[in-house]
Amino acid sequence: VRNDAPGDLAPRSSTRPVDEGAALRESLLQELPEIPARYLYDDKGSELFERITELSVYYQTRTEIAILENAAVDIVARARPRHLVELGSGAGRKIRLLLDALRTHGQGATCTMLDINELFLLQSIDRLSVDYPTFAFRGIVGDFLTDLGRLGPAGERLLVFFAGTVGNLHPDERRSFLGELAQRMADSDALLLGVDLVKDPARLEAAYDDPEGVTAAFNLNVLSVLNRRFGGDFDPSGFRHRAFYDRENAWIEMRLVARRRQDVRLAALDLGLDLDAGAEIRTEISCKFTRASLEACAAEAGLSIDRWYTDPEDLFALALLRR
Ligand code: AVI
């Protein structure tokens, strides 16, 4: 069991903070200012996201779990992995369904989990190591956009990327992410990708604007993250949450709307933002797919759909992709 290997649990890039600040600065200075969605996930944001997954309007998580409950044995039979690799593992619940299937029908020996949030990763690995003592767990604190090179050797792996998180990447980022992942895959590897599907816009918008205001809190929390990390003076009460479906791009967009005119400073970025009342900051896109649109994205990366698992209402899908 490798969950005691501290070297794996430290971010490696010493240059990233400088690059990161420059990238954030540039993104805030765009015509439509944007905060990259990964800043939503500090400890508080990760907890709020966990609460979102339990909301009745947020059908994605329970639907993906139901699909996986039905499909796990078939997935394991087709992929025949010796190694499970989960990207963006979060609380580590879904991986259990694959571990269960592997324990009964497979031969899996190792399970590597990569996540940006060290606390969530450590907690998941602690619990999984107790419940699945025959698997060796390894945690990597890292970003799936920049740290795919740290996942270890290719071959006989089932790589999994749940929750529809691939939809949170901008199309150009998604292209390079899937392209790099495909290049790092051997013919004996498979990729299980969770995607949210195109559907009635009212249902989509409701999933991103719950009546309890959990999604609003999740969105607004990003301002506190920037305040803390980049010496900002955003006043979260000066903004409101907005989510809408963009039919042309087939994505949900989350924005923060300034309730009044305000000047914000981010000292560490040497940046001032003058926002008029009504000015908007984009904080997330969440792309929705059809089987055909995902097939096209996969093909661009050199991957094809081996199996497509979905629910009776066609709300969400798990695609098993191969080179
Ligand atoms: C993590 N990701 C797939 C979520 C989504 O639905 O795009 C993040 C989220 N944003 C608002 N609610 C949930």
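The values are calculated or read from the model by the stated rules, or taken from the named source; none is laboratory data. Please read these numbers as outputs of a predicted model, since none were measured by experiment. Positions of Cβ are generated from backbone atoms using ideal geometry, with glycine treated the same way; all protein chains shown enter the neighbour counts. SASA here: full protein model, heavy atoms, side chains in, ligands and nucleic acids out. Shrake-Rupley method; radii C 1.70, N 1.55, O 1.52, S 1.80 Å.
Laid out as a table, the results:
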quantity: Residue satisfying all of: in region 256-265; in contact with a Lys or Arg (Cβ under 8 Å, 6 or more places away or on another chain) and open to solvent by less than 40 Å² (accessible area, probe 1.4 Å); nearest to the ligand (Cβ to nearest atom) among these; calculated: Leu256
quantity: Which listed residue, of Ala190, Ala186, is open to solvent by less than 10 Å² (accessible area, probe 1.4 Å), away from the ligand (no atom under 12 Å from the Cβ) and either in contact with a Lys or Arg (Cβ under 9 Å, 6 or more places away or on another chain) or under 22 Å from Ile140 (Cβ atoms) (or both); calculated: Ala190
quantity: Complete set of residues in region 130-156 that are of a type outside the set (Asp, Glu) and open to solvent by 50 Å² or more (accessible area, probe 1.4 Å); calculated: Val130, Pro133, Thr134, Arg138, Leu145, Thr146, Gly149, Pro153, Ala154
quantity: Selection from region 72-120 of residues that are more than 20 Å from Leu178 (Cβ to Cβ), open to solvent by 60 Å² or more (accessible area, probe 1.4 Å) and among the β-branched types (Val, Ile, Thr); calculated: Val73, Thr104
quantity: Within region 212-242, considering residues that are open to solvent by less than 20 Å² (accessible area, probe 1.4 Å) and within 14 Å of the ligand (Cβ to nearest atom), the one farthest from Leu256 (Cα to Cα); calculated: Val214
quantity: Top-ranked residue of region 163-177 - restricted to ones that are part of a helix (DSSP H, G or I) and within 16 Å of the ligand (Cβ to nearest atom), ranked as surrounded by the fewest Cβ atoms within 10 Å (Cβ to Cβ); calculated: Pro171
quantity: Residue list for region 22-43, filter: open to solvent by 90 Å² or more (accessible area, probe 1.4 Å) and not in a helix (DSSP H, G or I); calculated: Leu29, Glu31
quantity: Members of region 62-84 found to be assigned to a helix (DSSP H, G or I) and out of contact with any Lys or Arg (no Cβ under 9 Å at 6 or more places or on another chain), listed by number; calculated: Arg62, Thr63, Ala66, Ile67, Glu69, Asn70, Ala72, Val73, Val76, Ala77
quantity: Boolean, Ala66 is at pLDDT 95 or above, surrounded by 19 or more Cβ atoms within 10 Å (Cβ to Cβ) and more than 30 Å from Leu269 (Cβ to Cβ); calculated: no
quantity: Meets criteria (at negative phi and open to solvent by 40 Å² or more (accessible area, probe 1.4 Å)) for Asp209; calculated: yes
quantity: Residue match in region 245-252 (condition: among the hydrophobic types (A, V, I, L, M, F, W, C), in contact with a Leu (Cβ under 7 Å, 6 or more places away or on another chain) and within 21 Å of Leu24 (Cβ to Cβ)); calculated: no
quantity: From Glu253, Glu205, residue being within 12 Å of the ligand (Cβ to nearest atom), of a type outside the set (Phe, Trp, Tyr) and outside any helix (DSSP H, G or I); calculated: Glu253
quantity: Lone unmet requirement of (1) part of a loop (DSSP other than H, G, I, E, B); (2) surrounded by fewer than 16 Cβ atoms within 10 Å (Cβ to Cβ); (3) not small (Gly, Ala, Ser) for Lys199; calculated: (2)
quantity: Test for Ser46: is it surrounded by 14 or more Cβ atoms within 10 Å (Cβ to Cβ), modelled with pLDDT under 95, within 16 Å of the ligand (Cβ to nearest atom) and part of a helix (DSSP H, G or I); calculated: yes
quantity: Positions within region 249-269 being basic (Lys, Arg) and touching a residue at least 24 places away in the same chain (Cβ under 8 Å), in sequence order; calculated: Arg255, Arg265
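Conditions tested, residue by residue: (1) in contact with a strand residue (DSSP E or B) (Cβ under 6 Å, 6 or more places away or on another chain); (2) crowded, with 18+ Cβ neighbours inside 10 Å.
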{"residue": "Asp270", "(1), (2)": "no, no"}
{"residue": "Asp274", "(1), (2)": "yes, no"}
{"residue": "Thr283", "(1), (2)": "yes, yes"}
{"residue": "Lys288", "(1), (2)": "yes, yes"}
{"residue": "Ala298", "(1), (2)": "yes, yes"}
{"residue": "Gly302", "(1), (2)": "no, no"}
{"residue": "Trp308", "(1), (2)": "yes, no"}
